[in-house]
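This report concerns only the one structure given below.
Each value in this text was obtained by applying a stated rule to the coordinates, not by laboratory testing. In this text, all values refer to a predicted model and were calculated from it rather than measured experimentally. FYI the Cβ positions are ideal-geometry reconstructions off the backbone, even for glycines, and counts take in every protein chain you see.
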Amino acid sequence: MPLGLIALAVGAFGIGLAEFVIMGLLPEVATDFAVSESSAGWLISGYALSVVVGALGLTAATTRLPRKPVLLGLLVLFVLGNALTALAPDYGVAMAGRIIAALCHGAFFGIGSVVAASLVAPEKRGGAIALMFTGLTAANVFGVPFGTFLGQQFGWRSTFWVISGIGILAFIGILTLVPKLPRPDAAIRLRHELRAFRSGQVWISLVVTVLAYGGMFGAFTYIAYTLTEVSGFDSGAVPWLLVLFGIGLVIGNGLGGRLADRSIDGTLLVAVSALLLVLVAFAALAGSSVATIVALFLMGGFGFATVPALQSRTMVFAGSAPTLASGANIAAFNVGNALGAWAGGIGIAAGLGYTSPLWIGAGITTAAVVVLAVTMLRQRGRDAAPRTTPAPESVASSR
């Protein structure tokens, strides 16, 4: 196994930690900056929206450049942004730091996946990409609970100093362990990759990603408040409860990947429908500590069971131009993240209580179920219809 893959996984771990750990530290951040819960939530929404800009803009802008220097430059942005967040004297500076750090997120994963695949033989590329993304999974299972615990014990800023250190470690690893790679023929590829967005099904996939992920993060963004103010847990229990969510995430992600190989849309419909039921049950039973524990695990499981299928669906309908479409789907995940955080914050600001993000998340998830169901019914109708010679426009519309 090339050691460069480990360096890429370390970078993925740090970036995943930077995105998600603030959810467990939101009460401490809001108190420190003397802002409301919904205002603090914009540190999540702002990050997510900046990921969208980076995933599309920076990926497209750097396609002519050698990939290794691009990855190193992205990690410099990441370290600077998180250090600025740790040093922030006020809310505005903290937001600026989050935005700077987020710009590297989508581009790092998109370009890093290509680099990981190039380090191994063609028949091992899938495993190489999976190993890189193991860093992101590990960030959710181990990094977020540990980062939350660290922030509660030594101040939330200490967590962001650690994240900056991880970024420096990843920079050194990629600098020394990833070999020099040939310059890509980007001008041709970029024009080709843009063709994927002619497909209506690619756009449907992106919409479902926004809604399904937005529903889950509408609930998860303010989970620390739900756990402490509604379910009755002590703040010290939050990191360990997040471990439970992370375990569900890993199991759901693994099962979702296997099931997606059998039926992408079927897996999505079942997983998103189950997520909807879990969110409704969680909202109704959040006052019960036992129900909360079960719901957290299931929310992670069903929420992330959708991820492999959503990514696969986008790439399938993108056909021979999957790279930029895949990056767009990463952007769509973060649009959903921002949507959920914003909508959940509105519920809290309106005085609807700390279960309102769960109900709002369920509403967003309902929209995802409707879009999926309608899409599948229309596709079945096309498949059942008698055909002669297919017209070019009908083939295009099925894409």
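Starting with the fewest neighbours, write out VAL79, VAL230 ranked by other beta-carbon atoms found within 10 Å of each beta-carbon. Intermediate values should be presented prior to the final figure.
Numbers: VAL79 21, VAL230 17.
The most exposed by this proxy come first: VAL230, VAL79.
For THR221, THR31, which order do you get if you count the other beta carbons within 10 Å of each Cβ and list the fewest first? List each step's numbers first, then the result.
On the way: THR221 31, THR31 11.
Fewest to most other Cβ atoms nearby, the residues stand as THR31, THR221.
Hydropathy first: keep DSSP H helices in the chain averaging at least 0.0 on Kyte-Doolittle, then drop any whose Cα extent along the axis falls short of 24 Å, and list what survives. Kindly include the intermediate steps, with their values, before the conclusion.
Values: long enough: 3-20 (26 Å, 2.01); 37-53 (25 Å, 1.09); 67-87 (30 Å, 1.64); 156-177 (32 Å, 1.59); 200-220 (30 Å, 1.49); 238-260 (32 Å, 1.57); 264-285 (31 Å, 2.47); 289-318 (44 Å, 1.41); 322-349 (40 Å, 0.91); 356-384 (42 Å, 0.72).
Length and hydropathy pass: 3-20, 37-53, 67-87, 156-177, 200-220, 238-260, 264-285, 289-318, 322-349, 356-384.
So for the chain, considering every pair of alpha-carbon atoms, how many percent are separated by more than 30 Å? Before the final figure, lay out the partial values.
On the way: 30325 of 79401 pairs.
That fraction is 38 percent.
Work out how much length LEU87 to SER39 would gain on full extension: take 0.36 nm times their residue separation and subtract the Cα-Cα distance, in nm to one decimal.
Once the chain is fully extended between LEU87 and SER39, it gains 15.4 nm.
With Cβ to Cβ distances under 13 Å as the rule, what net charge do the other residues near SER50 carry (K, R +1; D, E -1)? Intermediate values should be presented prior to the final figure.
Details: positive: ARG98; negative: GLU19.
Net charge in that neighbourhood comes out at 0.
I want to check the label-to-label distance for ALA96 and LEU169. Put each point 7 Å from Cα in the C-beta direction and report it in nm to one decimal.
Label-label distance for ALA96 and LEU169, simple model: 2.9 nm.
Using 0.36 nm per residue of separation minus the Cα-Cα distance, give me the extension gain between LEU72 and GLN153 in nm, one decimal. Working shown, then result.
On the way: separation 81, 0.36 × 81 = 29.16 nm, distance 3.19 nm.
Using 0.36 nm per residue and subtracting the Cα-Cα distance, I get 26.0 nm.
Got a sec? Which residues in the range 39-53 would a label at ALA349 touch, if it sits 7 Å along Cα→Cβ and we count backbone N under 15 Å?
39-46
From the convex hull of the Cα coordinates of the range 208-268, what is the mean projected area in square nanometres?
Details: hull surface 18.9 nm².
Taking a quarter of the hull surface, the average projection is 4.7 nm².
With +1 on each Lys and Arg Cβ and -1 on each Asp and Glu Cβ, and nothing else charged, work out how big the dipole of the chain is about its Cα centre, in Debye to the nearest 20.
Dipole about the Cα centre, nearest 20: 1560 debye.
For LEU175, what charge total do you get from the other residues with a beta carbon under 15 Å from its beta carbon, if Lys and Arg give +1 and Asp and Glu give -1? The partial results should precede the final answer.
Working: positive: ARG67, LYS68, LYS180; negative: none.
Neighbourhood net charge equals +3.
So between LEU285 and SER263, what do we pick up on full extension, going 0.36 nm a residue minus the alpha carbon distance? Please report the intermediate quantities before stating the final value.
Numbers: separation 22, 0.36 × 22 = 7.92 nm, distance 3.24 nm.
Between LEU285 and SER263, full extension yields an extra 4.7 nm.
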